[in-house]
Amino acid sequence: MSPKTSNALLIVGHGSTVNPDSSAPTVAHAAEIRRREIFSKVGYAFWKEEPSLRDAVFLFDPGTIREIYVVPNFISEGYFTQTVVPRELKLNGRTTKRGDGQLWKYCEPVGNHPLMTELLVQRAHEIAPSVSEAETTLLIVAHGTDLNENSAVAAKREAEKIRALGRYADVFNVYMEEAPRVADWKKLTRTPNVVVVPFFISDGLHSYEDIPVLLGIADTRSTSTAATRRGEIFRHNPYKIDNRTLFYASSIGTDARVADIILEQAAAFDREKLHASVLS
């Protein structure tokens, strides 16, 4: 996007009251985009942390900021992007005009962007650069369960898109709490190499504790601190299990290139509106 002195960007995320790592990627992406000086102001807000979504409506001075692009840093459409964020930010659609004339543009979540497929493939290659992809199975891990149906759909979509590239011996979408389960990876895969990429926005208990236990690369009885467990689980790659070599990556949302996707989602909003106006 070209520099726009009267425009701002707001990145919204879930956040967590118990996991400080939950908001870290959003804060980092905001800092990178701010460094590029594309927007007059770049802010972030969270559902479960400060600054809160409800207070975000006061972040931008209507006297100097006329348009705000809101990009959800979420993997998929769902309850938070369709209900919580619009409610808390007082949005009444894709475009909301405030009483002061300020225009708020609600963009698609980062996980919906086509570049996410490329990032997943690149992350898999980066964690296991020397293995033959023809002898490797890629697992895209999401949470699963009825409470997170859209996340499961997103993981399936990405697995299908990567499978169509024909780069890996096989690609599976697997879940923590529904079939196909990540805990069954030994039965699902037949290749000597397995690469696992969590399809989550941030690293937290799921990525550095729950999933590693399900994979069999961590001990549930660990008494180390969360920070130590996080460092250890990614530093010990690769893992040797039953004559297999398993590579475990950090969550895809921690990739610095997600900042590019956030910018792409903001740019896509204007392209879509322009296309719609041409057709009307």
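The values are calculated or read from the model by the stated rules, or taken from the named source; none is laboratory data. No experiment lies behind these values; they were computed from the predicted model shown. Accessible surface areas use protein heavy atoms only, side chains included; no ligands, DNA or RNA. Shrake-Rupley method; radii C 1.70, N 1.55, O 1.52, S 1.80 Å.
For the chain, the longest principal axis of the alpha carbon atoms and the long axis of helix 226-235 meet at an angle near 60°.
Helix-only arithmetic for the chain: the sum of -39500 (n - 2.57) across DSSP H runs with n ≥ 4, divided by the residue total, places the mean residue ellipticity at 222 nm at -9500 deg cm²/dmol. With respect to the chain, whose longest principal axis is taken over its alpha-carbon atoms, helix 149-165 is tilted by about 70°.
Hey, any idea what % of region 41-166's accessible area is carbon plus sulfur with a 1.4 Å probe?
53 percent
Shape verdict for region 12-108, please, from the Cα gyration tensor: rounded (a/c under 1.5), prolate (a/b greater than b/c) or oblate. Judged from the Cα gyration tensor, region 12-108 comes out oblate (a/c at least 1.5, b/c at or above a/b).
List the equivalent ellipsoid semi-axes of the chain in whole Å, largest first, each obtained as the square root of 5λ for an eigenvalue λ of the Cα gyration tensor.
With the √(5λ) rule applied to the chain, the semi-axes are 36, 20, 16 Å.
Go through 48/97; 161/187; 48/186; 48/105 and tell me which ones have a Cα-Cα distance over 32 Å in this structure. Among 48/97; 161/187; 48/186; 48/105, the Cα-Cα distance tops 32 Å for 48/186.
Dividing the convex hull volume of the Cα atoms of region 108-172 by its residue count, what figure in Å³ per residue is obtained?
Cα convex hull per residue, to the nearest whole number: 81 Å³.
Within the listed set 15, 144, 63, the residue fluctuating most in the Gaussian network model of the chain (springs between alpha-carbon atoms under 10 angstrom) is 63.
Can you tell me the 0 to 90 degree angle between the C-alpha axis of helix 258-279 and the longest principal axis of the chain, rounded to 10? The angle comes out at about 50 degrees. Rolling a 1.4 Å probe over the heavy atoms of the protein chains gives the chain an accessible area of 47 Å² per residue.
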